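A.B. asks: The structure that follows is given in the form of structure tokens.
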Amino acid sequence: MAHFTKATSVKDWLNQRLAIEKVEKVMASEYWIPKNINFLWAMGMVLAITFALLLVSGIFLLMYYQPDVKDAFYSVNYTIMRDVDFGWLWRHVHGVAASVVFLIIYIHMFTGIYYGSYKKGREMIWVSGMLLFVTFSAEAFSGYMLPWGQMSYWAGMVITNIFSLGGLHLDGLVEWIRGDYVPAQAFLTRFFMLHVLLLPLAIMGLIGLHFAALRIPHVNNQDGEEIDFDVEAKKYLAGDKASSKVIRFANDFMSKDLMVVGFFLIFFFYLVFFQYGFALDPVNFDPADGLKTPAHIYPEWYFLWSYEILRPFSVNIGLIAFGFAQVIFVLLPWLDRSPNAVPASRRGAFSIWFWLLLIDMIVLTAMGKLPPEGMFSTIGLVAAVAFILLWVALPFITMNEKKV
Ligand code: HEM
């Protein structure tokens, strides 16, 4: 057993048993951050804070929500929204955070793509990030089922039906997922379990993995500079803070992170109090009715781009294109063949690729919301084909990129 001495303080007592000083150094005061990064690097912290807001507001909603097909709609729209003091506030915080978290995730992802932060040594940061994206998507979808309104019911019906379409014909799987022939009590109960227990646990584990994956390669920087963190940290600790290229995470860099979080929270609570409508679909204010299909069934804005990749093709090709869109981002570190971990602006053809992909996904999102008729379906088809071609072209574009 280790040697223990009489403790001189509570901190010393804990230190002997939990090595808190060492943990504090590894996680905070000797966690080195490059000086040359901009506000976009605060998005990770903004995401962590938004997830905390989702957890806290979700716990309050859980105190009154009833996971029962007879009561769910009323427990949300009457009990929480009208009877419980400030129930509306927790619901608006939860709904707005669920939408805004995807906006920040997309900004965070595209920052990573622009600066090449998924390259050699950082693959696990990227892969754990993509796993977070998938689990967040499942979390949002399962949460959308819970108010048991018209959109909950019909979105649940359409998405689970995907497995029975075209050549797939996995009707047994669809029944197995639903626990019934149509979305009903078994369906609501299992999506409730996923939403409040299994997926949040998975997200917390994945955030831990994402942070751990950052520890060895360290965060990238906006100049594509290769920094020797050991040398720069020694300089800093020796007192040469001005010429060292790094600073401590806590409290130095964290103060900058928290300033961005502060601006974000002003924007966030402005949305919660004055613009919450965008996060609540009007069709979902009608209780679920299996005999009345809504005129247009479309997902939330953050799923529209991948929905639009499914829609313009014939069933089987659409399913393949949809499957492709779901996995292709994970493979980015291996599809980009260039070793250059520098901003896209210095990478020639890759820069054009980056902006085309971003614009294409915005077009797909806009078309996904519109009914698939006339011009819109043609634009949707062109954008979906362009999405696939862009990814197929990536290895060829990056293979011959000059080393910078
Ligand atoms: C909601 C969950 C997420 C949280 C809480 C989170 C948190 C963080 C934090 C705190 C950082 C370090 C600081 C920064 O660069 O912002 C980071 C970096 C990173 N994240 Fe995430 N992230 C999440 C989702 C994602 C997703 C979906 C991706 C995309 C695949 C991703 C990819 C990355 C990459 C590539 C870096 C490295 C940036 C660099 O080295 O410069 N993250 N993340």
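A.B. asks: Scan (1) assigned to a helix (DSSP H, G or I); (2) more than 11 Å from the ligand (Cβ to nearest atom) for the single condition Phe211 breaks and write down its number.
C.D. replies: Every condition holds for Phe211 apart from (2).
A.B. asks: From the list Ala52, Ala72, which residue is loosely packed, with under 15 Cβ neighbours inside 10 Å and at pLDDT 95 or above?
C.D. replies: Going through Ala52, Ala72 in turn, the sole match is Ala52.
A.B. asks: Right, something else. So for the range 228-238 (the condition being more than 30 Å from Phe141 (Cα to Cα), small (Gly, Ala, Ser), away from the ligand (no atom under 15 Å from the Cβ) and assigned to a loop (DSSP other than H, G, I, E, B)), does at least one residue qualify?
C.D. replies: The answer is yes, given that some residue of the range 228-238 is more than 30 Å from Phe141 (Cα to Cα), small (Gly, Ala, Ser), away from the ligand (no atom under 15 Å from the Cβ) and assigned to a loop (DSSP other than H, G, I, E, B).
A.B. asks: Further, regarding this structure: Looking at this structure, is Ile80 within 16 Å of the ligand (Cβ to nearest atom) and at pLDDT 95 or above?
C.D. replies: Taking the combined requirement at face value, the residue does not satisfy it.
A.B. asks: Follow-up. Mind listing whichever residues of the range 207-249 are surrounded by 14 or more Cβ atoms within 10 Å (Cβ to Cβ) and of a type in the set (A, V, I, L, M)?
C.D. replies: Residues satisfying the conditions are Ile207, Leu209, Ala213, Leu214, Val219, Ile227, Ala233, Val246, Ile247.
A.B. asks: While we're on this one: Quick check on my filter: what residues within the range 14-50 are assigned to a helix (DSSP H, G or I), of a type outside the set (A, V, I, L, M) and within 16 Å of the ligand (Cβ to nearest atom)?
C.D. replies: Of everything in the range 14-50, those that are assigned to a helix (DSSP H, G or I), of a type outside the set (A, V, I, L, M) and within 16 Å of the ligand (Cβ to nearest atom) turn out to be Phe39, Trp41, Gly44, Thr50.
A.B. asks: Looking only at the range 134-158, count every residue that is buried (at least 18 other Cβ atoms within 10 Å of the Cβ), assigned to a helix (DSSP H, G or I) and either among the hydrophobic types (A, V, I, L, M, F, W, C) or not assigned by TED's automatic domain parsing to the domain that holds Val283 (or both) and tell me the total.
C.D. replies: Residues flagged as buried (at least 18 other Cβ atoms within 10 Å of the Cβ), assigned to a helix (DSSP H, G or I) and either among the hydrophobic types (A, V, I, L, M, F, W, C) or not assigned by TED's automatic domain parsing to the domain that holds Val283 (or both) within the range 134-158 amount to 8.
A.B. asks: Quick one: in the range 244-272, which of the residues that are among the charged types (D, E, K, R) and part of a helix (DSSP H, G or I) is nearest to the chain's Cα centre (by Cα)?
C.D. replies: Asp257
A.B. asks: For the range 181-200, does any single residue satisfy the condition of being more than 21 Å from the chain's Cα centre (by Cα), more than 16 Å from the ligand (Cβ to nearest atom), loosely packed, with under 14 Cβ neighbours inside 10 Å and in a loop (DSSP other than H, G, I, E, B)?
C.D. replies: Yes, some residue in the range 181-200 is more than 21 Å from the chain's Cα centre (by Cα), more than 16 Å from the ligand (Cβ to nearest atom), loosely packed, with under 14 Cβ neighbours inside 10 Å and in a loop (DSSP other than H, G, I, E, B).
A.B. asks: Cβ contacts < 6 Å: first residue under 24 Å from Tyr115 (Cβ atoms), restricted to the range 19-42; second residue charged (D, E, K, R) and within 10 Å of the ligand (Cβ to nearest atom), any location; separation 6+ or different chain. Result?
C.D. replies: Ala42/Asp257
A.B. asks: On to the next question. Among the residues that make up the range 60-70, is at least one of them polar (S, T, N, Q), touching a residue at least 24 places away in the same chain (Cβ under 8 Å) and in contact with a helix residue (DSSP H, G or I) (Cβ under 6 Å, 6 or more places away or on another chain)?
C.D. replies: No: the range 60-70 contains no residue that is polar (S, T, N, Q), touching a residue at least 24 places away in the same chain (Cβ under 8 Å) and in contact with a helix residue (DSSP H, G or I) (Cβ under 6 Å, 6 or more places away or on another chain).
A.B. asks: Also, quick follow-up: What pairs come up if the first residue lies in the range 375-398 and is modelled with pLDDT of 95 or more, the second is surrounded by fewer than 17 Cβ atoms within 10 Å (Cβ to Cβ) and not in a helix (DSSP H, G or I), and their beta carbons are under 6 Å apart, counting only those six or more places apart or on different chains?
C.D. replies: Pro395/Arg337; Thr398/Arg337
A.B. asks: Sticking with this structure for a sec: What pairs come up if the first residue lies in the range 234-261 and is in the same structural domain as Ala52 (by TED's automatic domain parsing) and among the hydroxyl-bearing types (Ser, Thr, Tyr), the second is surrounded by 12 or more Cβ atoms within 10 Å (Cβ to Cβ) and in a loop (DSSP other than H, G, I, E, B), and their beta carbons are under 6 Å apart, counting only those six or more places apart or on different chains?
C.D. replies: Sorted first by the residue in the range 234-261, then by its partner, the pairs are Tyr236/Ser244.
A.B. asks: Give the residues of the range 161-176 that are on the phi < 0 side of the Ramachandran plot and free of Cβ contacts under 8 Å to residues at least 24 places away in the same chain, sorted by residue number.
C.D. replies: Of everything in the range 161-176, those that are on the phi < 0 side of the Ramachandran plot and free of Cβ contacts under 8 Å to residues at least 24 places away in the same chain turn out to be Asn161, Phe163, Ser164, Leu170, Asp171, Gly172, Leu173, Val174, Glu175, Trp176.
A.B. asks: For the range 114-126, which positions are within 8 Å of the ligand (Cβ to nearest atom) and either of a type outside the set (D, E, K, R) or part of a helix (DSSP H, G or I) (or both)?
C.D. replies: Answer for the range 114-126, where residues must be within 8 Å of the ligand (Cβ to nearest atom) and either of a type outside the set (D, E, K, R) or part of a helix (DSSP H, G or I) (or both): Tyr115, Ser117, Tyr118, Ile125, Trp126.
The values are calculated or read from the model by the stated rules, or taken from the named source; none is laboratory data. Bear in mind the structure is a predicted one, so any value in this text is a computation, not a measurement. Positions of Cβ are generated from backbone atoms using ideal geometry, with glycine treated the same way; all protein chains shown enter the neighbour counts.
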